[in-house]
Amino acid sequence: MAADKQTLLDYYRKMVLIRRFEETMEEYAKKGYIPGFLHLGIGQEAAQVGTMANFQPGDYVLPDHRSHGVCLMVGTPTREVMAEIFGKKTGTNGGRGGSMHVADFKRGNVGNNAIQGSTMATACGLALAAQVKKTKSVTFNFIGDGTVGRGEFHESLNLAGIWKLPIIYVLVNNGYAISTRATDAHPLADLAKMGCAYNVPGVTVDGNDVEAVHAAAKEAVDRARRGEGATIVELKTYRWQGHFSGDPASYRPEEEVRAWKEKCPIKRLREKLLAQRMADGAEIKAIEDDVEREIQDALKFSIDSPAPTPEDALTFVYVGREVTGK
Amino acid sequence: MRTLNFREALNEALHQEMAADSRVIVLGEDVARMGGDFGVTMGLLAKFGPDRVRDTPLSEAAIIGAANGAAFCGLRPVAEIMFADFITECYDQLVNNSAKAHYMFNGQVMAPIVVRTASGAGFRAAYHHSQNIEAWFMNIPGLTIVAPSTPYDAKGLLIGSIRDDNPIIFLEHKMLYGTTGEVPEEPYALPIGVAEVKRPGSDVTVVASMKQLHYALAAAEQLAAEEEISCEVIDLRTIKPFDKATILASVRKTGRVVLVNEAPKTGSINAEISAVIMEEAFKDLKAPVERVNSLDVPVGFAPVLEDHVIPGPTDIAKAVRKVIDYN
């Protein structure tokens, strides 16, 4: 069934929000406001929005290395995600997580993780708990193509296969693990087929087509919720930036980058909305202006918020046990 | 009082905690149908069913990762890593996830998992079934290491560990499984981080744990009987965080210290305990701190190789005499 106008406009707003969020992060990283590494998901918005449109209260998500966007999709206020990336006390993790560890447990975001594939083992436990507690919770596990090389990928798929764990593996295949091409690192072009060995079905989808992403993810999520086990949904897409903000990505041919930018998921949806007269230019602009207000609000909040105190470094090391300071 | 062996005491702890708390689950290799390679999880599958007692494939990373995830959702997983040597396969999960989850997510979540594992030498099992791994985890904030040496402590510390809200590596020295002792039938939790003076004494403080604790007690007995040397023997019981107060109180009394640990000497927990004694009780020392450890080599196969490397009562007695003779 084709998505209705309101749904598509919602997708559009969310994709523009993620795009503007990421562009703003890059701008403020360059201006020196953001410490550390920044891995941007510009170009991958459809994969994030289309999948997460299936996320329900009670579900869990483990975002991947490039998924500020996923963190925005569980309902965490944009300003709290941004403030976390700025390392501020008002951020989701009180500024102690940063870009690579944004988490919001009460909304189901179990946190991204800077060890690629490590979350796949965690996902097994979230899904196992759903079985033990007999809930209908589904775990959304975002991973990248590089993760396919990790031991946890194989151990976890095996476990998901034998225990029929309610997991959707969202394999965002953007073609590169830093500089290494997915086609050089793995023996299959369609990595969804990797599930075959573990009796975990897989499907490969155009990751820049938000509607196709949503439909494939929905099938996988519904299947998991019915108790039929895990599915790999491979989303073929591309990251426009280098691995981290500031990486010139000289390992990629310019024409390849240009070609993928032509396939921009946002542009694609905008053109469809306009061509099918589901929205006019004014409506599109109104959405973009609304997003811009949200971004500017979050930015002001993030800049104005206080940093954590040095003493905050000593809390939450153990539960119920103090750590001695200097 | 009733007598149980170390294995039975652990098994009883698991049965009682699983019966009392539906959040407790057990997972690992051969823990369900077989009841564990050392028999510690016997009878759990029959009593608590396949949802809560799960055999896994040979996937240590997935075992610990799954334990973490289940713990995030409010369960209390007890994971078994069959031999401590295999813990390298899940080192990332323990170091980067279990240990840091509470901290990096700003207290939003806890990782109350217990990782039971059979450690230590003596089984003639060579390189990959004989190691002592506590030092591998000493440098990781967020982790706790518990190491009982008697059946009574095994039961009480396992229950205490399951009820604790932190990730705990629970070491079971494999040469202790058959040792016996008095164990109350009712469930009881012993506190984490509290050592015990096993034998009071006045001349030398001897700090040990697990199997080496028994060697230390044997050496102390012999030194008292034959040489009139009075050793105060302390059982660490928790290795991280170790009980500074009990150790320092004893050191202030005796002024002489022998630290005993079965792992290789370089970088072992003895180095850390020694450093704390230097920092906090230097003026009370009458002799340099003496360390008794394995030699800095792997645990070989032929019994003569293993026996040459692993310390025993003779090595401990020799170290005690050395600190006594220092003037």
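Read-outs: derived from the displayed coordinates by stated rules, not from any lab. What you see is a predicted model, and the numbers here were worked out from it, not measured in a lab. Please note: Cβ atoms are built from the backbone with ideal geometry, for glycine as well, and neighbour counts cover all protein chains shown.
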Computed lengthening from residue A:309 to residue A:285, 0.36 nm per intervening residue step minus Cα-Cα distance: 4.5 nm
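Counting partner chain Cβ atoms within 10 Å of every residue's Cβ in A:108-115, what's the average?
4
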Counted charge near residue B:299, where neighbours are those whose Cβ lies closer than 12 Å (Asp, Glu -1; Lys, Arg +1): -4
Positive-end residue, region B:206-327 charge dipole about Cα centroid, Cβ charges, pick of B:260, B:300, B:288: B:288
Cβ-placed point charges (K, R +1; D, E -1), dipole of region B:1-132 about Cα centre in debye, nearest 20: 300 debye
Residue-by-residue Karplus 3J(HN,Hα) for region B:220-226, coefficients 6.51, -1.76, 1.60, Hz, glycine and proline x: 4, 4, 5, 5, 5, 6, 9
Per-selection metrics, region B:172-251 (Cα): Rg and Dmax in Å: 13.7, 41
Where only C-alpha atoms are counted, convex hull volume of region A:1-127 per residue in Å³: 112 Å³
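Antiparallel versus total DSSP beta bridges in region A:5-306: what percent is that, nearest 5?
Details: 3 of 24 bridges.
Counting only bridges with both partners in region A:5-306, antiparallel ones make up about 10 percent.
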Whole-number percent relative contact order across chain A, with pairs defined as alpha carbons under 8 Å at least 6 apart: 22 percent
Net lengthening on full extension, residue A:249/residue A:184 (0.36 nm per residue, minus Cα-Cα): 21.7 nm
Cα Rg, Dmax (largest Cα-Cα span) when computed across region B:3-182, Å: 14.9, 45
5 angstrom amide H check on residue B:76, placed H, neighbours 5+ away: B:24, B:25
Euclidean distance between Cα centres, region B:114-141 to region A:21-90, Å: 40 Å
Helix-only [θ]222 nm of chain B, DSSP H runs n ≥ 4, -39500 (n - 2.57) each, per residue, nearest 500: -11000 deg cm²/dmol
Rh by Kirkwood over Cα pairs, then Stokes-Einstein D for region A:175-326 at 0.890 mPa s and 25 °C, µm²/s: 120 µm²/s
Scattering profile of region A:223-286 at q = 0.14, 0.30 Å⁻¹ [log10 I(q)/I(0), Debye over alpha-carbon scatterers]: -0.73, -1.25
Shape metrics for region B:1-83, restricted to C-alpha atoms - Rg then Dmax, Å: 12.4, 41
For region B:78-168: span of alpha carbons on each principal axis (Å, largest first): 45, 29, 20
Computed label-point distance, nm, for sites residue B:194 and residue B:302 using a 7 Å Cα→Cβ extension: 4.8 nm
Distance cut-off 38 Å, percentage of C-alpha pairs in the protein assembly as shown lying past it: 41 percent
Pairs from A:236/A:300; B:240/B:322; A:106/A:218; A:136/A:263; A:14/A:300 whose Cα-Cα separation, in the structure shown, is over 32 Å: A:236/A:300; A:136/A:263
Exposure proxy order (Cβ contacts within 10 Å, fewest to most) of A:86, A:140, B:86: B:86, A:86, A:140
Descending Cα extents along the principal axes, region A:5-306, whole Å: 49, 44, 40
Distant-in-sequence amide H partners of residue A:140 (H built 1.01 Å from N, under 5 Å): A:60, A:61, A:62, A:168
Selected from A:38, A:191, A:274 as most flexible by GNM, with chain A as the system and alpha-carbon contacts under 10 Å: A:274
Ranking of B:137, B:48, A:105 by count of other Cβ atoms within 10 Å, fewest first: A:105, B:48, B:137
Most fluctuating residue given options A:103, A:47, A:215, as computed from a GNM of chain A linking Cα atoms under 10 Å: A:215
Dipole moment magnitude, nearest 20 debye, the protein assembly as shown about Cα centre, only Lys, Arg, Asp, Glu C-beta charged: 1000 debye
Chain B, Cα convex hull volume normalised per residue, Å³: 127 Å³
Alpha-carbon centroid distance for the pair region B:41-74 / region B:1-26, whole angstrom: 16 Å
Inter-label distance for residue B:284 and residue B:34, nm, one decimal - labels placed 7 Å from Cα along Cα-to-Cβ: 4.7 nm
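Working from the alpha-carbon coordinates of region B:196-325, get Rg over Rh, Rh being the Kirkwood radius.
0.95
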Sorted by Cβ density within 10 Å, fewest first, the residues A:147, A:324, A:122, A:315: A:324, A:315, A:147, A:122
FRET efficiency estimate (nearest 0.05) - Cβ-Cβ, residue A:228 to residue A:262, R0 56 angstrom: 0.90
Listed residues B:182, B:272, B:226, most fluctuating in chain B (Gaussian network, C-alpha, under 10 Å): B:226
Distant-in-sequence amide H partners of residue B:56 (H built 1.01 Å from N, under 5 Å): B:28, B:29, B:30, B:31
DSSP bridge pairs, chain B: antiparallel proportion in percent, nearest 5: 20 percent
Spacing of the two label points (7 Å from each Cα toward its C-beta) at residue B:224 and residue B:47, in nm: 3.7 nm
